[in-house]
1. Name, by its number, the condition in (1) open to solvent by less than 10 Å² (accessible area, probe 1.4 Å); (2) without any contact (Cβ under 8 Å) to a residue 60 or more places away in the chain; (3) in contact with a Lys or Arg (Cβ under 7 Å, 6 or more places away or on another chain) that does not hold for residue 227.
2. Going by the conditions given, is residue 161 open to solvent by less than 10 Å² (accessible area, probe 1.4 Å) and touching a residue at least 24 places away in the same chain (Cβ under 8 Å)?
3. Just wondering, is there one or more residues in the stretch 148-158 that are more than 15 Å from residue 245 (Cα to Cα), of a type in the set (Val, Ile, Thr), free of Cβ contacts under 8 Å to residues at least 24 places away in the same chain and in a helix (DSSP H, G or I)?
4. Touching a helix residue (DSSP H, G or I) at 6+ places or on another chain (Cβ under 8 Å) and crowded, with 16+ Cβ neighbours inside 10 Å: does that describe residue 296?
5. Does the stretch 299-324 hold any residues that are in a loop (DSSP other than H, G, I, E, B) and in contact with a helix residue (DSSP H, G or I) (Cβ under 8 Å, 6 or more places away or on another chain), and which are they?
6. Please count how many residues of the stretch 238-282 are open to solvent by less than 70 Å² (accessible area, probe 1.4 Å), of a type in the set (D, E, K, R) and closer than 13 Å to residue 299 by Cα.
7. Is it true that some residue in the stretch 310-327 is touching a residue at least 24 places away in the same chain (Cβ under 8 Å) and more than 20 Å from residue 118 (Cβ to Cβ)?
8. With the requirement that a residue be assigned to a loop (DSSP other than H, G, I, E, B) and modelled with pLDDT of 80 or more, what does the stretch 1-22 give you?
Amino acid sequence: MKIKKYCVDTVQEGMLQIKKELGPEAVIIESRKVREKGFRGLFAPVKVEITAAVDTPVRQQPVAAARQPERQEERLQSEITELKQMVNQLVSRQQKQNIEEKGPFYRWMQRLIDNDVDPALAQQILTEIHEDFAAENALSDEVVELILQKKVREHLRTADVPDTSRVLTFVGPTGVGKTTTLAKLAARFALYHNKQVGMITIDTYRIGAVEQLRTYADITGMPIEVVMTPKDMAQALERLADREIILVDTAGRNAKNSMQVSELAVFMEALPAPETFLVLSATTKTKDLQQIIAKFNKVNFNRLIFTKLDETETYGALLNVANTSNLPITYLTTGQNVPDDIENATADKLAKLILGVEQNV
């Protein structure tokens, strides 16, 4: 293995030298900022010292002439990919080093990570702050916290349901509280907004699901329709034609079961341009949430609801999902009480939860 150090002015200059002298197979072992020794170094600009290494090349066997152009193109693409990976790796290390060395920002990045924010996203947010405020060395903790809240809000989307929306449908995996969430909203629309509300359920799979919703309907005096097949949907909607708002409950589906999700998508096609909420639990890991979102794309949901905020103490997963999906979060639920324990999501509320500024939900 051949190891060599480079002392350069910029990362890009170092990468060019490494590629030229060691080749595209070289890997970065270490990078750090250094100053020239002695008195002159106090006034000279900071340089970047990069340590790179490459294995001793092995002689390649000759290939057929007909394969040469194809393999050269493959090698070129491979070199470009490797160079990009090296640059990204080095830039990421430098960003973290900048955050650590300059300003009171590093511990705030760690705070985001401790609250389950994806490390790459946390680093991105703090890098943005560092670039804007690196010269402000005397920022108080209170000011940094406010700046960080603002940056987190910029990575969130929230939106209320439009007043013109009539059909609201709730989809999602099992056990996230879709039926209870629907009941809360039905009661709120009826009691607080004086709306004529109707309900439809297609959840005929779960034992007791229809009876649970019928109980809510009997208490509030709302009509409820049970739909067994997609063809029955049109008749159910016709019987609820006098309702200002119709809430549609669906059966929980395992995101890993593509057939179940496809069956649900057929029912969704029978609904007239609904507002479709994907209901997710705040207690679910980010990786699982992202898988659920990817699998449920077949049902064309356009909003998110997060439930069970009272059952966790960290809320970084909400930021991770909002950032990658670019979908608005509309409601948050914090318990089982109907019609209470639900509220409209706001970016300010979410930012405080994500940062751990606010815990009592």
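1. The failed condition is (3).
2. No.
3. No: the stretch 148-158 contains no residue that is more than 15 Å from residue 245 (Cα to Cα), of a type in the set (Val, Ile, Thr), free of Cβ contacts under 8 Å to residues at least 24 places away in the same chain and in a helix (DSSP H, G or I).
4. Judged against the criteria, residue 296 is a match.
5. 300, 314, 315, listed by residue number.
6. So the count comes out to 2.
7. Let us first name the residues in the stretch 310-327 that are touching a residue at least 24 places away in the same chain (Cβ under 8 Å), namely 310-327.
Add one more test, that the residue is more than 20 Å from residue 118 (Cβ to Cβ), and what stays is 310-311.
Yes, there is a match, as at least one residue in the stretch 310-327 is touching a residue at least 24 places away in the same chain (Cβ under 8 Å) and more than 20 Å from residue 118 (Cβ to Cβ).
8. Going through the stretch 1-22, the residues assigned to a loop (DSSP other than H, G, I, E, B) turn out to be 1, 9-10, 22.
9, 22 - these are the residues of the stretch 1-22 that are assigned to a loop (DSSP other than H, G, I, E, B) and modelled with pLDDT of 80 or more.
The values are calculated or read from the model by the stated rules, or taken from the named source; none is laboratory data. Only a predicted model underlies this, so the values are computations on that prediction, with no experimental measurement involved. Backbone-built Cβ (ideal geometry, glycine too); neighbour counts: all protein chains shown. SASA here: full protein model, heavy atoms, side chains in, ligands and nucleic acids out. Shrake-Rupley method; radii C 1.70, N 1.55, O 1.52, S 1.80 Å.
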